[in-house]
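The values are calculated or read from the model by the stated rules, or taken from the named source; none is laboratory data. Since this is a predicted model, take the numbers as computed values, not measurements. When we count neighbours, we look across all protein chains shown, and the Cβ atoms used for this are built from the backbone with ideal geometry, even at glycine. Please note that ligands, DNA and RNA were not included when accessible areas were found on the heavy atoms of the full protein model with its side chains. Shrake-Rupley method; radii C 1.70, N 1.55, O 1.52, S 1.80 Å.
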Amino acid sequence: MSSQCLRRARSEAQYTAVVAQLVRAPACHAGGCEFKSRRPRNVQKSRKTAHVGGLSSCNTVLEFPHMQTVEMKERIGTSFGPSYAVLNLSKVGLRYFRFMIKSSPKSRSRLLKVFADHPNIGWIFSATGWFNLAVGVWAKDNAEINDISTSIRSVLGKDDKIVYQSELTSLYGFGDRLIGKDFSPMPIIDAVYSPIELTPIELDYIKLLTLDSTQDSNELSEVLGIPSNEVDILTQSLTEKGIIVGYQERINYTGIYYKVFIDTLSKKNSHAVDVLLEKLWTDPKCIYVERANGKYDLEFELILARKGDLKPYLKDFGEYKTAILTENLYTNLYPLNKTANLRAIQEALVGQDGPVIDFRNSKLWYLNHHGADAYLSIYENRAYFETMEKSELDLFDEVASYIRTGHDDIKYSVMDIGSGDGLKGRVFIERLGEKDVKGYYPIDIQPIELAVALRTHQEGAYAKHPTLLDIENLPARFPLTLLPSEEQVYVFFGGTYGNFKSAEINQYLKPIVQPGIEMLISMPIITEGKTEEEIIASYTGTKFQDMTFGPLAQIGFKLEDFETSTLQDDLHVYIAMEDQRLVSSYILKEDVVVLGRTFDKGTTFKMTSSWKPTLDQVIDALAQDFDVKKTFHNKDMSISLVCAKTT
């Protein structure tokens, strides 16, 4: 399949359903205003060209009409942002649970913070009616959902109540049905006997398509580091397996967003369920149809102009519940983070036994919802980013001015080592002077981050060259050949330098810093006299725990397997200072069997390590292998400009 055919196939598939459960944000008042969430995101809606079939509950299979043509007199919303691939998540081993909560005003803010910090949470919506807070959860198995359920219940206050919870057994999406077009619902959740095991490259590819399906094969091949013809093969294979079931636009809806729960045993006649389902299947106001394993076993979601328009859908049933979803509070578009780099985590365990398992030198990563947020809302995320990273960004003007001095006619290439989402690189280029930048090279080991970086820099007039590369293999590609009137500026921002021992990271960087090459290296610093207790306290919290626990969660451990932290009663992560390095670790409280191996009580898993030096110590460490031309600093951050040693 050529790149042109691939783009055409994606374009033609975009009349498929909308994943409103992650995008929707209904009107706050009856009568309808435009559906715009505070942080608009989309959800996946599946559409597989030949898939019809039926929705099934535990003991019921219902057949539905085959492909229909529906005349949609007016659209129910407006599209925004890039389209994205829709996945059948059942086929990758994920299950979907919901909790409908009546929260008290006193608990609401606290609950939202706890839920948003949890890596399994898929979405959170505010509502009026039967419940006022709806929480969706992705989970792999019963053990995981039981753990999540326990953790959710443990944070509820005495005036909070879970009014309903269930697992979806089927979820089909409709949504953006175009006038006069045939359609077939996309299966997002359905019966799967055995999940498909994806290769690491398939996982990376799917992650890119679920963020933006408009990239062509050449762009994707650059990010993934594979030939473009292999990208086409991936698309065909994943589509044939039924994992990619369509492509969908992102929609802001206009109207009242109803969520309806029906107990089908309360039907008033024997044909009531069939009649309703046939109506929903062809109704352009219907966004989702779902089956669940609870009392209310049939669910659907509608965009209506008036509250009274709901009555015809309910007339043949005696028992039902309704709610109006009023605001999208949080969305994790990226459930596949639950299975990222599992093989790499397993390999990190090989050859390690005894009382201490050390992950600190491994290349594990665990991308959570923030990666998707950065991709879909660059400018909103940038405002947050500039606030949180202020101490480093505040130095950029001074750094850029120093580099430009005496170089009026120079064109720059900026090599961003460990680029992540590329935001720091983008800000630095703006301060350096975008008109003087010839090219930007984001360098990262994560394809998903390279895709995000490209999105961040999409408006830059300079060339972009995404580079998929491990830090120890930098000399295989860099430095580039210097041309007259051009200069290469290598930047290593964010303090990642401190995640390595200085002697080790210096050896990785030293081959790049050849005569005529300069590199900027950022490092957080502590002031003289700051105590270890103060440093540890600044990291103590659930977000740091979620990040550090990620690899252990992926191989089957649960937080409850580990001892409670001495720092805070609701935490399990231990944070300590060892030789000026902040180390996170977890200690097993009982024997646990994971991956067919028994880990004894008391086994300590050391997860992360980061150096916390003073300014003088940073300069001394760099001076071991480089000439430090100048160091810019404030009370919290340093940026050192280094070059090759001359002696």
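Quick notes on this structure:
- For the criterion of being under 26 Å from residue 84 (Cβ atoms), part of a helix (DSSP H, G or I), at pLDDT below 80 and open to solvent by less than 10 Å² (accessible area, probe 1.4 Å), residue 372 passes.
- Any hit, the range 558-566, residues being basic (Lys, Arg), part of a loop (DSSP other than H, G, I, E, B) and touching a residue at least 24 places away in the same chain (Cβ under 8 Å): yes
- Qualifying residue in the range 143-158 (condition: modelled with pLDDT of 85 or more, more than 30 Å from residue 254 (Cβ to Cβ) and touching a Ser or Thr at 6+ places or on another chain (Cβ under 6 Å)): yes
- Check on residue 254, open to solvent by 10 Å² or more (accessible area, probe 1.4 Å) and closer than 26 Å to residue 305 by Cβ: yes
- Conditions (1) open to solvent by less than 80 Å² (accessible area, probe 1.4 Å); (2) farther than 25 Å from residue 621 by Cβ; (3) free of Cβ contacts under 8 Å to residues at least 40 places away in the same chain; number of the one not met by residue 590: (1)
- Positions within the range 572-600 being touching a strand residue (DSSP E or B) at 6+ places or on another chain (Cβ under 7 Å) and over 20 Å from residue 346 (Cα atoms), in sequence order: 572, 573, 574, 575, 576, 580, 581, 582, 583, 589
- Filter pass, residue 539 being of a type outside the set (S, T, N, Q) and either open to solvent by 30 Å² or more (accessible area, probe 1.4 Å) or closer than 22 Å to residue 580 by Cβ (or both): yes
- Any hit, the range 322-342, residues being closer than 19 Å to residue 456 by Cβ, modelled with pLDDT under 90 and open to solvent by 70 Å² or more (accessible area, probe 1.4 Å): no
- In summary, residue 553 fulfils each of the numbered conditions (1) over 30 Å from residue 634 (Cα atoms); (2) touching a residue at least 40 places away in the same chain (Cβ under 8 Å); (3) open to solvent by 40 Å² or more (accessible area, probe 1.4 Å); (4) not polar (S, T, N, Q) with the single exception of condition (3).
- Filter result for the condition that a residue is on the phi > 0 side of the Ramachandran plot, among the small types (Gly, Ala, Ser) and free of Cβ contacts under 8 Å to residues at least 40 places away in the same chain, over 433, 494: 433
- Condition check for residue 266: out of contact with any strand residue (DSSP E or B) (no Cβ under 8 Å at 6 or more places or on another chain) and hydroxyl-bearing (Ser, Thr, Tyr): no
- Residues satisfying the criterion are absent from the range 621-633 (criterion: among the basic types (Lys, Arg), at pLDDT 95 or above, closer than 30 Å to residue 563 by Cα and over 29 Å from the mean Cα position of the chain (by Cα)).
- Of the numbered criteria (1) among the small types (Gly, Ala, Ser); (2) surrounded by fewer than 23 Cβ atoms within 10 Å (Cβ to Cβ); (3) under 23 Å from residue 391 (Cα atoms), the one residue 425 fails is (2).
- Any hit, the range 128-138, residues being open to solvent by 10 Å² or more (accessible area, probe 1.4 Å), assigned to a strand (DSSP E or B), at pLDDT 90 or above and of a type in the set (Gly, Ala, Ser): yes
- Matching residues in the range 503-542 - criterion: being under 19 Å from residue 606 (Cβ atoms) and either touching a residue at least 40 places away in the same chain (Cβ under 8 Å) or part of a helix (DSSP H, G or I) (or both): 504, 505, 532, 535, 536, 539
- Residue in the range 439-484 that is farthest from residue 515 (Cα to Cα), counting only those that are small (Gly, Ala, Ser) and out of contact with any helix residue (DSSP H, G or I) (no Cβ under 9 Å at 6 or more places or on another chain): 463
- Some residue of the range 439-451 being in contact with a Lys or Arg (Cβ under 6 Å, 6 or more places away or on another chain), more than 27 Å from residue 408 (Cβ to Cβ), aliphatic (A, V, I, L, M) and surrounded by 22 or more Cβ atoms within 10 Å (Cβ to Cβ): yes
- Scoring residue 148 on the criteria (1) open to solvent by 50 Å² or more (accessible area, probe 1.4 Å); (2) touching a His at 6+ places or on another chain (Cβ under 8 Å) leaves a single failure, condition (1).
- Selected residue (criterion: nearest to residue 251 (Cα to Cα)) from residues of the range 263-302 that are open to solvent by 70 Å² or more (accessible area, probe 1.4 Å) and touching a Pro at 6+ places or on another chain (Cβ under 9 Å): 279
- Number of the exception - residue 609 against (1) in contact with a helix residue (DSSP H, G or I) (Cβ under 8 Å, 6 or more places away or on another chain); (2) surrounded by fewer than 19 Cβ atoms within 10 Å (Cβ to Cβ); (3) not aromatic (Phe, Trp, Tyr): (2)
- Selection within the range 480-513 - more than 25 Å from residue 612 (Cβ to Cβ) and surrounded by fewer than 19 Cβ atoms within 10 Å (Cβ to Cβ): 480, 481, 482, 483, 484, 485, 486, 487, 511
- Residue list for the range 436-482, restricted to those being without any contact (Cβ under 8 Å) to a residue 12 or more places away in the chain, part of a helix (DSSP H, G or I) and closer than 23 Å to residue 404 by Cα: none
- Residues satisfying the stated conditions in the range 182-193, i.e. at pLDDT below 80 and either surrounded by 14 or more Cβ atoms within 10 Å (Cβ to Cβ) or β-branched (Val, Ile, Thr) (or both): 183, 184, 192
- Lone qualifier among 241, 311 - being surrounded by fewer than 19 Cβ atoms within 10 Å (Cβ to Cβ), of a type in the set (Lys, Arg) and within 25 Å of the chain's Cα centre (by Cα): 241
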